[in-house]
């Protein structure tokens, strides 16, 4: 329930970008539909050539080439639109984060350093880029393409669904496998990144004081330590 609520809270910001969301969904739909058509026609062509020893016709080759070009164009367009949407949304979220920090600091930061707090908040905002650029339109298009494909297979032969539905369920379940462990490793990486960012910001802001106090070497050692911690966290996350 908490995860669903968090997901829903990410959607209202898209209200001001309905046209871009629609164009992105259409581009993703064309992209995935072209891929399905391309794979299906290619499999049919190869199967016919192997079993019936009949080479593909000129029309079949032309359609295959057209599908390849269509998918390349649709993929480029979908990536262009989805990233344009994501960066516009992230820009709005960054403004909201800075406004919130300006209103709450220093009364509500609960003793946390301002650099640490800002780095953590902005890191969380940057992490949303994948959701807005690579999830919304793609998931909607995938659902529509799968529904249409399943309906076509059911019309051709219901037994064909026995091969498709289990694979689809496995794909839906795979992201949930060891999700907690991945979330914990990701949280450690974000925490280490926030520490590096905080140390860097405060070192730059306080460079004069560090030079006057002769503490620059100690600050460098802290930065190196924070960098090594970030490297360890990133290696653990990727393992």
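The values are calculated or read from the model by the stated rules, or taken from the named source; none is laboratory data. Just so it is clear, the model here is predicted, and its values are computed rather than measured. In this analysis, Cβ positions are derived from the backbone assuming ideal geometry, glycine residues included, and neighbour counts consider all displayed protein chains.
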Legend entry - Residue within the range 49-66 that is more than 18 Å from residue 145 (Cβ to Cβ), surrounded by fewer than 17 Cβ atoms within 10 Å (Cβ to Cβ), touching a helix residue (DSSP H, G or I) at 6+ places or on another chain (Cβ under 7 Å) and in contact (Cβ under 8 Å) with a residue 24 or more places away in the chain present: yes
Inset, instruction - Would you mind finding the one in 220, 185 that is surrounded by 12 or more Cβ atoms within 10 Å (Cβ to Cβ) and modelled with pLDDT of 85 or more? - result: 220
Legend entry - Flag for residue 70 being touching a helix residue (DSSP H, G or I) at 6+ places or on another chain (Cβ under 6 Å), at pLDDT 95 or above and surrounded by 15 or more Cβ atoms within 10 Å (Cβ to Cβ): yes
Inset, instruction - Check the range 53-67 and report whether any residue there is under 24 Å from residue 123 (Cβ atoms) and modelled with pLDDT of 90 or more. - result: no
Legend entry - Boolean, residue 195 is surrounded by 14 or more Cβ atoms within 10 Å (Cβ to Cβ) and over 30 Å from the mean Cα position of the chain (by Cα): no
Inset, instruction - Say whether the condition of being out of contact with any helix residue (DSSP H, G or I) (no Cβ under 9 Å at 6 or more places or on another chain), assigned to a helix (DSSP H, G or I) and under 28 Å from residue 82 (Cα atoms) is met by at least one residue in the range 152-168. - result: yes
Inset, instruction - Quick one: residue 107 ticks every box in (1) more than 28 Å from residue 132 (Cα to Cα); (2) modelled with pLDDT under 85; (3) touching a helix residue (DSSP H, G or I) at 6+ places or on another chain (Cβ under 9 Å) except a single one, so which number is it? - result: (3)
Inset, instruction - Please tell me if residue 101 is modelled with pLDDT of 95 or more, in a helix (DSSP H, G or I), over 20 Å from the mean Cα position of the chain (by Cα) and under 27 Å from residue 132 (Cα atoms). - result: no
